[in-house]
Structure formats: C-alpha cells, structure tokens
Amino acid sequence: MKPRDLLLTVSALVACLTMANGADWPNWRGPSFNGSTTETGLPTTFSKTESVQWVADLPGPSASTPVVWGDNVFVSTVDDATKTLWAMCLDRSSGKTLWKHEVAVGINRDDRSNYSSPSPVADGERVIFFYGNGDMVAFDMAGKTVWSKNIQTEYGPFAFQWTFSTSPLLYDGRLYLQVLQRDTPANGRGKTDEPNLSYILALNPKTGAELWQHIRPAEAKAESLEAFTTPIPFEYKGRKELLVAGGDCLTGHDPATGKELWRWGTWNPNRIGHWRLVPSPLGAGSVVLACAPKGAPVYAVKAGLNGTLDDSSLAWVSEDREISSDVATPLFYNGKVYLLNSDRKTLACLEPDSGKVVWSAELPTRTKLEASPLGADGKIYLMSMSGEVFVVKADGDQFELLHETNMGDDGDRDLRSSIAAAHGQLFIRTGGKLYCLSK
C-alpha cells in the first residue's frame, strides 16, 4: 500500500472510530444547543445499581448540568462544608477527580439556589465556568487557570431579587454572557446612583477581553425585567443569530456585533411586574419558541424576520393550558418539540411549524420537574426535583413510558440539573452524586 493510501485509510478509520465513540456535550443544551444529541446505544433501563459505570461523590448540590469533552467531565459545584465554590474535572471512564479548584468563598444569598447553578462550557482547548456571584474563570484542559474576572466588578452589581443564574455560551469563536436585570435596585442589590442596564457581552475566550457589549432595553417592569435564561444560537436560511428571551420580549441578535435584528413581545401587555423568565428560547425548524412564565402560553415566532414584530409574525400560540412551561426549556429532537410543563408534570410532543399537539401525557409523579429534557437514542430523558427519572419513547404517535426509577437520595428535593449524554453514556446529577450510566 502506498504511503498516501495508508494515510487515507488511517484517517478514515480514525473518523469512523470518532463517530462510533459519540459526540461531546459541550454546554448546557448539548452539541446542537437544543437539548438533543445524535448519541445511540444509551441505556433504557437503569437504577442506582444497574448499568452504572461509576458514581462520583460531589461536595454539594447544584442545578448546573455536567459538561463533557473528550475524556473529561466538567462539574460546577459548591462545597457545603466550607461554603466555597469549586470547578471540577472528572475522568469520563472512571469518575476519578483529575483536578479541582476553589473559585470563591460564599455559595448563596438565599435558600432557593446557589451560585454554582450556571453550567460550564468547553471547546476542547479550554473550559469556562461562570458563577452567580459574577466570577468567571477559564481553565485549560489540564486544569491550569488561563484567565479570570468578575462580571460584577467590571460591569456593576447585579440587580436581581433572587440569586442570578445564566449559563455562558461558546459559539463561533466567541464567549457570550447575558445579564437581563432590573433597572432599579432589588432588595438593595444593584446600582443606586444610576439605572441598572441589561446587556449582552461577547468576550474573547482566549483572554476574557471584551469584544463587544450590547445594551438591551425592555419595557417590562420590576421583576419582569429579570431573566435566568441563556442565549441560544440559531441558524435559519444561512443567517446566524443569538436568541435572547427576557424582559417581556424575545430578540434575535447578530453574533458578530450584538446588533438587534428583530424583536417580538406581547405576552405581558398589562406589564405585570412579577413575570421573571426562566426557560431559554428554542430554535425549532422555521420558528423560534418562547415560553411565557407562570402558566402563560408558548409563542412561536416565524424565523428569518427583521425589525419590531407584531402578532402577525406569530406562527402559532398554544391554547391548551398544559402546553406551557414556567421553568424547563423545551427540547427539539428529530423534528419534534417536546415541552415539559414543570408544574402540571406533563410532557407534550408538538409539530414545531404548526403547534399541533401530537400527544400530551401526565408523568407518574407528584413532584415538580424543572430540569430540561434530553433527547437521545430515540428517547426522552427527564428528572424530577426529587430524583425520579423517566424515559419516554420519542418519535411515536402516542405517549409511551419506557422506564422509571429513582436516582435521588434522602433529602433531595430541589434537583434541577438536566441529564446529559455523550460517548454512549448518560450523566445524571443528584444532590450529592454524579452517576455515569452505560450499557
């Protein structure tokens, strides 16, 4: 065999092995930024003892989702005993701790959540952690600190009633972070001598230096200005944009400059002041979805538009009260939208372009589900706040529950970490443990 032919053969073999080993899970909503992955060969049935590859003890609880790149699993967490914030890296094959770093002292300011709720992001060269106290730290894959900064120190104190949480985003070589906050102080938090502005940041992931800052105004009032959403990339007919939801509106932005391309927002015409937003937006086919809060409908805005939009730009609005989500971000998987109603404990399958409900069913639990759903291997994986995990068949014309088990421990009542899938493995985070499951 000629050297060139041998090289091509080896390259093809490496490519095949890479595909067989599966994809990474580089951010909170996965490789496609919509909660889905092309992973196959994942376990359908499992428990605390069945299909468990390893279990790692964690020093404290967190709503952040584990991020997986190559042989590394990155975890943001708190240490309950010392009241400190930590960045951790585990070996994906064994669960062994490869490195961990203390980031800051102080883990929360209320009993609803803690500062480690944002999920990290990775790109193969570095992993970046952000915390609700404003600390942002970048490490290389070996755990060496590359750069660090505090967003509150550089851009002013956060003006939120509760602990701030948004996950950073790595996309097209830029690091993005949004801060959608009140214009006036909240419980003494925020600037008192000038308005608190909401903004989107683009940073250089290599250095942390600012590339641009875009001020994002909104007409919302009081707590309705606050959003705990994450910016989501979306591409439609060749146009790339960042989707940002919060402040009673949904906007699309140019990733290169932050310029606002379009804006829609009529779900709160009376400007109710307590409609903070938690579910992130979702690009699904030819529409962009926004879940209005507190039992309000889901709105589908036609993709590819420009300027200030009115309701003629809507493809559909959900009518059934079950088709709503106050916390969980919807999933787009194999051409369907899966919407988890956090409070009513229902899961619905929808056609994205029309909003037609294919099926809707109640999950067998009395506990709220606030973790966003995962779509992988022809299945939907969901977890309740007490650790009950449900596996539902995807792509069917009717609801089919394939498996249910409880992965939680005594005392687990506020679990919000989404299940992740990478390299043929499932990663399930409970209050004090991280489970790696595989066939």
Rg [Å, one decimal], Dmax [Å, integer] - the stretch 25-437, C-alpha atoms: 19.8, 58
Determine the relative contact order of the stretch 282-439: mean sequence separation of Cα pairs under 8 Å and six or more apart, normalised by residue count, in whole percent. 14 percent
Between VAL317 and ALA209, what length comes free when the chain is fully extended (0.36 nm per residue of separation minus the Cα-Cα distance, one decimal in nm)? 34.8 nm
Any chance you could check the Cα centroid distance between the stretch 372-410 and the stretch 152-202 for me, in angstrom? 34 Å
In percent, how large is the relative contact order of the chain, given Cα pairs closer than 8 Å and 6 or more residues apart? 14 percent
Footprinting exposure proxy for LEU169, LEU374 (fewest neighbouring C-beta atoms within 10 Å first): LEU169, LEU374
Long-range HN-HN contacts of ARG216 with modeled amide H, under 5 Å: SER198, TYR199, ILE200
Return the sequence-ordered ³J(HN,Hα) values of the stretch 210-223 in whole Hz as given by the Karplus equation 6.51 cos²θ - 1.76 cosθ + 1.60 applied to θ = phi - 60°, using x for Gly and Pro. 5, 9, 7, 10, 10, 7, 10, x, 7, 9, 5, 10, 6, 5
Please report the equivalent ellipsoid semi-axes of the stretch 252-326, computed as sqrt(5 x eigenvalue) of the Cα gyration tensor, largest first, in whole Å. 21, 15, 12
With N denoting the number of residues in the stretch 205-286, provide Rg(C-alpha) divided by 2.2 N^0.38 Å, to two decimal places. 1.17
What is the pair-distance distribution P(r) of the stretch 329-439, computed from all Cα-Cα distances in 5 Å bins starting at 0, with each bin given as a whole percent? 2, 13, 24, 25, 19, 11, 4, 1, 0
Mind checking which aspartates and glutamates have their Cα closer than 13 Å to the Cα of LYS336? Skip sequence neighbours fewer than 8 apart in that chain. GLU351, ASP353, ASP395, ASP397
In terms of Cα to Cα distance under 20 Å, which lysines are near enough to LYS144, apart from those fewer than 8 places away along the same chain? LYS96, LYS100, LYS206
Mind listing which trypsin sites (Lys or Arg not before Pro) in the stretch 374-418 are in a DSSP loop and have 16 or fewer other Cβ atoms within 10 Å? ARG413
Looking at the stretch 261-313, which trypsin sites (Lys or Arg not before Pro) are in a loop (DSSP not H, G, I, E or B) and have at most 16 other Cβ atoms within 10 Å? ARG271, LYS294
Can you give the calculated 222 nm mean residue ellipticity of the chain, where each DSSP H run of n ≥ 4 adds -39,500 (n - 2.57) and the sum is split over every residue, rounded to the nearest 500 deg cm²/dmol? -1500 deg cm²/dmol
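Bear in mind that the values in this text are calculations on the coordinates, not laboratory data. Everything quoted here is computed from the prediction, not taken from an experiment. All Cβ positions, even for glycine, are placed from backbone atoms using ideal geometry, and neighbour counts span all protein chains on display.
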